[in-house]
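Visitor: Pasting a structure below so you can have a look.
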Amino acid sequence: MELRVCNLTKNFGGFTAVNNLNIDMTNGVYGLLGVNGAGKTTFMRMLCTLLKPSSGTITCNNEDIFALGAEYRKILGYLPQDFGFYPEFTVEDYLMYIASIKGLRQAAAKKRVRELIAGVGLEKAARRKMKKLSGGMKRRAGIAQAMLNDPRILVLDEPTAGLDPNERIRFRNLISELAEDRLVLLSTHIVSDIEYIANEILLMKDGQVAHKGTADVLINAMDENVWKCHVDRNAVPYLMGKYKISNVKSDGNSAELRIISGNRPMPEAESVNANLEDLFLYYFGEKAGDDNA
């Protein structure tokens with residue numbers, strides 16, 4: 001399976017949401033990482049044929065996805081940030097309804113629904129109405145509906161929003177299993193969602209992929225270091241205005257800071273290994289005192 005995005009652009013009036021985007025993807029997990037407003041959702045909606053690009057192309061195995069139409073959508077699974085459902089439907093009824101829309105035969109749909117309900121951990125809620133579910137349970141039902149047609153391409157927009165830590169671990173394990181023979185594109189601004197499962201991370205900013213690579217490659221490409229130091233708590237506001245700080249841990253009258261800086265911020269600062277959260281702040285963050293921080 002190959003998706004190729006070539007010179008993709010989407011304009012809304014005078015605003016460019018996606019700007020001359022170029023990406024090649026094959027089977028595996030791709031983590032699309034960026035702040036809100038970076039163009040992630042607009043790009044994903046074009047990838048799912050819900051929006052037509054202003055210019056550029058998206059091809060699947062060298063065929064234009066908009067020309068393929070229904071044939072392309074048969075191999076596609078999509079979880080948007082907000083998905084619609086009939087509140088009076090039970091989880092089982094909702095998934096059966098979506099299965100019918102996707103063209104699954106009833107016997108096959110029943111078997112698939114049972115498998116997915118178990119896979120996302122909703123066995124005890126299968127007969128519960130959708131309106132009675134917690135936010136995390138609704139999200140799990142959304143993940144299940146995206147998988148109903150056993151898609152070869154799976155597009156997930158902020159899939160772990162509202163999930164607790166245990167649910168997010170379950171989700172990451174599920175995606176790791178699914179990605180062996182399909183292409184998964186996962187959009188998030190929660191770096192831990194993709195830190196351990198993404199084969200490649202795409203850093204999106206201002207409608208473009210600014211950087212891409214594995215977590216290790218991207219971290220090693222940082223030209224600033226990460227420092228850990230302890231300071232008087234009263235000094236924290238000044239330092240936050242001067243440096244990019246990825247973590248503040250208060251301890252009585254002192255605080256432990258994690259600072260991103262090309263130079264040692266203070267004599268006692270200790271150099272430490274960078275992680276993906278440091279990377280996110282390095283590329284996308286602002287010092288707390290900057291405009292638009």
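Visitor: Between Asn7 and Ala221, how high is the FRET efficiency from 1/(1 + (r/R0)^6) when r is the Cβ-Cβ distance and R₀ = 25 Å? Nearest 0.05. Mind showing how you got there, number by number?
Guide: Values: r = 25 Å, r/R0 = 0.99.
Working from the Cβ atoms, E equals 0.50.
Visitor: Hey, another quick one. What accessible area per residue, rounded to a whole number of Å², is obtained for the chain using a probe radius of 1.4 Å?
Guide: Numbers: 14610 Å² over 293 residues.
Accessible area per residue: 50 Å².
Visitor: Hey, if you put +1 on the Cβ of every Lys and Arg and -1 on every Asp and Glu Cβ in the chain, which of Leu183, Ala215, Asn273 ends up farthest toward the positive end of that dipole?
Guide: Leu183
Visitor: While we're here: List every DSSP H helix in the chain whose Cα atoms extend 18 Å or more along the helix's own long axis and whose mean Kyte-Doolittle hydropathy is at least -1.0.
Guide: Numbers: long enough: 106-119 (19 Å, -0.32); 165-178 (20 Å, -0.75).
Going by DSSP H runs, the hits are 106-119, 165-178.
Visitor: Charges only on Cβ, +1 for Lys and Arg, -1 for Asp and Glu: so what's the dipole of the range 45-106 about the Cα centre, in debye to the nearest 20?
Guide: Values: 6 positive and 7 negative charges, 38 e Å.
Rounded to the nearest 20 debye, it is 180 debye.
Visitor: Go through Phe171, Pro87, Thr160 and say which Cα lies farthest out towards the positive end of the charge dipole of the range 58-174; charges sit on Cβ, +1 for Lys and Arg, -1 for Asp and Glu.
Guide: Most positive-ward Cα: Pro87.
Visitor: Share of the chain's accessible area from carbon and sulfur, percent, 1.4 Å? Mind showing how you got there, number by number?
Guide: Numbers: 6610 of 14610 Å².
The value for the chain is 45 percent carbon and sulfur by accessible area.
Visitor: How large is the charge dipole for the range 1-95, taken about the Cα centre, if only the Cβ atoms of Lys, Arg (+1) and Asp, Glu (-1) carry charge, to the nearest 20 debye?
Guide: 420
Visitor: Next up: What full-extension length gain, to one decimal in nm, is calculated for Ala235 and Ser54 as 0.36 nm per residue of separation minus the Cα-Cα distance? It would help to have the intermediate numbers written out before the result.
Guide: Values: separation 181, 0.36 × 181 = 65.16 nm, distance 4.93 nm.
Taking 0.36 nm per residue and subtracting the Cα distance, the gain is 60.2 nm.
Visitor: Would you mind working out the magnitude of the charge dipole of the chain relative to its Cα centre, with +1 at each Lys and Arg C-beta and -1 at each Asp and Glu C-beta, to the nearest 20 Debye? Kindly include the intermediate steps, with their values, before the conclusion.
Guide: Values: 37 positive and 36 negative charges, 286 e Å.
With Lys and Arg at +1 and Asp and Glu at -1, about 1380 debye.
Visitor: So in the chain, what percent of DSSP beta bridges are antiparallel if you round to the nearest 5?
Guide: Details: 38 of 57 bridges.
Percentage antiparallel, nearest 5: 65.
Visitor: May I pose another question? Among all the aspartates and glutamates, which ones have a C-alpha under 20 Å from Lys132's C-alpha, if same-chain residues fewer than 8 places away are not counted?
Guide: Answer for Lys132, where 20 Å is the Cα cut-off: Asp82, Glu88, Glu92, Asp93, Glu123, Asp164, Glu167, listed by chain and number.
Visitor: Just tell me which lysines come within less than 24 Å, Cα to Cα, of Lys212; anything on the same chain fewer than 8 places away is out.
Guide: Result set, ordered by chain and number: Lys10, Lys40, Lys244, Lys287.
Visitor: A further question follows. Given 37 °C and 0.692 mPa s, compute D for the range 35-136 with the Stokes-Einstein relation, Rh being the Kirkwood radius over Cα pairs; round to the nearest whole µm²/s. Mind showing how you got there, number by number?
Guide: Working: Rh = 15.9 Å.
This corresponds to a translational diffusion coefficient of 207 µm²/s.
The values are calculated or read from the model by the stated rules, or taken from the named source; none is laboratory data. In this text the structure is predicted, and so the values were computed from the model without any measurement. Please note: Cβ atoms are built from the backbone with ideal geometry, for glycine as well, and neighbour counts cover all protein chains shown. Side chains included, ligands, DNA and RNA excluded: accessible areas come from the protein's heavy atoms. Shrake-Rupley method; radii C 1.70, N 1.55, O 1.52, S 1.80 Å.
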